[in-house]
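One structure is given below, encoded as structure tokens.
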Amino acid sequence: MTDSLSIRDNRTGGEEEIAISDDTIRAGDLKKFAVDGERALATYDPGFVNTASCKSAITFIDGDKGILEYRGYPIEQLAENSTFLEVAYLLLNGELPTEDQLATWVDRVTNHTYVHENLKTFMQGFRYDAHPMSMLMSSVAALSSFYPEANQIHDPEVVDLQIIRMIAKMPTLGAFAYRHAQGKPYIYPSNDLSYTANFMSMLWKMSEPVYQADERLVRAMEVLFILHADHEQNASANAVRSIGSTQVDPYSAIAGGIGALYGPLHGGANEAVLKMLRRIGDVANVPDFIEGVKAGNERLMGFGHRVYKNYDPRAKIIKKAVDDVFEVTGVNPQLKIAQELEKIALEDDYFVSRKLYPNVDFYSGLLYEALQFPPEMFTVLFAIGRTPGWLAQWKELINDPEQKIARPKQIYTGHRGRDFVPMDKR
Ligand SMILES: CC(C)(COP(=O)(O)OP(=O)(O)OC[C@H]1O[C@@H](n2cnc3c(N)ncnc32)[C@H](O)[C@@H]1OP(=O)(O)O)[C@@H](O)C(=O)NCCC(=O)NCCS
């Protein structure tokens with residue numbers, strides 16, 4: 001077998017052989033096919049459905065087999081054995097940390113959880129009903145004004161410090177955004193708590209001297225952060241890479257990633273699952289609802305995935321976390337509806353033949369609701385978890401000699417060469 005592709009251009013009769021490596025061809029090689037030295041051949045791929053934009057060694061997904069690995073480690077093992085900061089270290093550095101490396105890393109992150117008081121004032125300036133995701137996005141963008149040296153992206157020490165700062169400050173900003181919507185005073189970080197316990201303290205502490213979250217809830221949240229930490233070239237990672245390709249500072253690039261995540265097609269599906277469960281209302285209504293889905297009236301939200309054509313490995317882990325959380329909070333009636341939907345759908349030929357399985361959002365919304373988060377906060381939690389992944393993607397990009405400023409081609413379909421028409425002639 002030869003690793004090449006022979007192509008005949010029927011416009012000209014020209015034949016060329018193009019190299020294949022990693023099961024891809026280089027789009028630039030198609031420029032060999034041109035008509036009279038012009039109209040060089042290109043590819044058209046809205047949404048990058050079949051186009052690799054980079055080489056990456058961070059996250060591996062096999063959607064048919066339901067496999068997700070960070071740096072080669074299966075997500076199941078990381079969710080079982082690791083902490084979020086350990087996973088963040090792994091994503092960013094490629095290897096699991098030694099005990100000393102982890103201690104130093106956790107210590108550094110913990111010492112950067114505070115934000116400048118002016119940033120707090122900036123956040124307080126938002127309207128009382130501001131969406132927390134909008135507040136998070138804007139305050140991350142504002143961080144670049146506090147750390148102007150962050151634009152020195154070729155200085156590894158500067159890069160390292162910004163990575164630490166961003167991972168450390170995301171829970172603080174997310175919690176401030178949450179408290180803002182509730183009209184409650186912002187709570188400063190408690191650096192003697194773990195990353196996730198500190199986040200919970202900043203969310204829910206009132207007058208007690210120390211807020212002690214239930215350890216089972218802390219672990220459930222930690223697992224959710226781990227599950228969301230990276231997902232290779234998803235829309236927000238692609239946004240971070242695209243903005244980062246201009247060599248801007250990482251705060252600006254990550255703010256763009258948060259913007260991409262804010263969109264309902266990316267971070268918003270778990271909220272749709274909750275709305276669906278509320279509408280179904282009772283386990284007795286599930287069969288009718290499923291019939292409606294099969295008749296094409298609507299979709300079973302939280303089922304199906306562009307990449308996973310098998311059980312989303314993250315959904316399996318979340319199911320277990322859901323059990324742990326409901327043990328603390330008491331069972332939510334919507335859980336029973338979700339379980340019944342899943343049971344019927346996994347046996348029904350409509351769903352089986354289309355390879356529709358529960359995805360990560362099927363249970364995560366229920367879990368967040370059980371933790372008493374309003375739906376607007378769901379995407380903020382996703383963003384906090386995804387930050388190490390965005391940063392790992394960004395760091396890989398700025399160190400990749402093959403990367404260029406992201407600047408796709410277009411197929412121009414508009415007018416050409418028109419003469420300006422004066423106002424009185426239009
Ligand atoms: C995620 C999603 C957008 C992936 O879409 P996709 O890969 O483009 O798949 P398609 O839309 O081509 O669907 C393929 C077939 O399955 C059906 N299908 C896909 N998801 C379905 C769902 N959730 N409920 C019912 N039918 C579904 C489609 O109607 C289509 O059937 P057809 O071949 O008879 O026309 C889609 O599965 C979906 O809308 N899911 C619900 C929303 C959701 O949970 N999103 C979170 C993703 S993490």
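Couplings 3J(HN,Hα) for segment 3-8, derived from phi with the Karplus relation 6.51 cos²θ - 1.76 cosθ + 1.60 (θ = phi - 60°), are 7, 8, 10, 9, 10, 10 Hz, where x marks Gly and Pro. With the simple model of a label 7 Å out from the Cα in the direction of the Cβ, MET423 to ASP22 spans 5.5 nm. For GLU99, GLU369, GLU17, the sequence from fewest to most other C-beta atoms within 10 Å is GLU99, GLU17, GLU369. Using the average count of surrounding beta-carbon atoms within 10 Å as a protection proxy, the listed peptides 138-151, 276-289 rank, highest first, as 138-151, 276-289.
Here segment 73-402 is treated with +1 on each Lys and Arg Cβ and -1 on each Asp and Glu Cβ, and its dipole about the Cα centre works out to around 940 debye.
Between the beta carbons of SER4 and ARG39, assuming R0 = 30 Å, the FRET efficiency works out to 0.80 to the nearest 0.05. Taking Cα atoms only, the orientation of helix 269-280 departs from the longest principal axis of the chain by about 60 degrees.
When the pairs LYS55/LYS316; LYS169/LYS319; LYS31/LYS409; LYS169/LYS395; LYS55/LYS169; LYS184/LYS275 are compared against a 21 Å limit on Cα-Cα distance, LYS55/LYS316; LYS169/LYS319; LYS55/LYS169; LYS184/LYS275 fall above it. Compared with the dominant Cα axis of the chain, that is its longest principal axis, helix 235-244 is turned about 70°.
Compared with the alpha-carbon gap, the fully stretched path from ASP348 to ASP62 is longer by 100.6 nm at 0.36 nm per residue.
Charges only on Cβ, +1 for Lys and Arg, -1 for Asp and Glu: so what's the dipole of segment 115-261 about the Cα centre, in debye to the nearest 20?
Around 520 debye, computed over segment 115-261.
Build a GNM of the chain with springs between Cα atoms under 10 Å apart, and of ALA315, ALA42, ALA272 the one that fluctuates most is ALA42. Angle of helix 132-146 to the longest C-alpha principal axis of the chain, folded into 0 to 90 degrees and rounded to 10: 70°.
For HIS305, the amide hydrogen comes within under 5 Å of the amide hydrogens of TYR357, counting only partners 5 or more places away or on other chains and with H modelled in the peptide plane. When the Gaussian network model of the chain links Cα atoms closer than 10 Å, the mean-square fluctuations of LEU92, LEU30, LEU261 top out at LEU30.
Could you tell me which of rounded, prolate or oblate describes segment 269-378, using a ≥ b ≥ c as the square roots of the eigenvalues of the alpha-carbon gyration tensor, with rounded for a/c under 1.5 and, failing that, prolate when a/b is larger than b/c and oblate otherwise? Prolate, because a/c is 1.5 or more and a/b exceeds b/c. Convex hull of alpha carbon positions in the chain: directionally averaged projected area 28.8 nm². Computed from label points 7 Å out along Cα-Cβ, the spacing between VAL283 and VAL331 is 0.7 nm. Cut-off 10 angstrom, C-alpha nodes, Gaussian network model of the chain. Which of GLN247, GLN410, GLN182 fluctuates the most? Top of the fluctuation ranking is GLN410. Classify segment 1-49 as rounded, prolate or oblate, taking a ≥ b ≥ c as the square roots of the eigenvalues of its Cα gyration tensor: rounded when a/c is under 1.5, otherwise prolate if a/b is larger than b/c and oblate if not. Note, shape of segment 1-49 comes out oblate. 3J(HN,Hα) along segment 389-399: x, 4, 5, 5, 5, 5, 5, 4, 4, 6, 9 Hz, from the Karplus curve 6.51 cos²θ - 1.76 cosθ + 1.60 with θ = phi - 60°, whole Hz, x for Gly and Pro.
Computed from label points 7 Å out along Cα-Cβ, the spacing between ALA272 and GLN403 is 3.0 nm. A Förster distance of 41 Å, applied to the separation of the beta-carbon atoms of GLN101 and ASP29, puts the FRET efficiency at 0.45. Give me the distance between the Cα centres of segment 127-162 and segment 68-105, rounded to whole Å. When both Cα centres are located, 24 Å separates them.
We did not get these values from a lab; they are worked out from the coordinates using the rules stated. Keep in mind it's a predicted model, so treat the numbers as computed, not measured. Cβ atoms come from the backbone with ideal geometry, glycine included; neighbour counts cover every protein chain shown.
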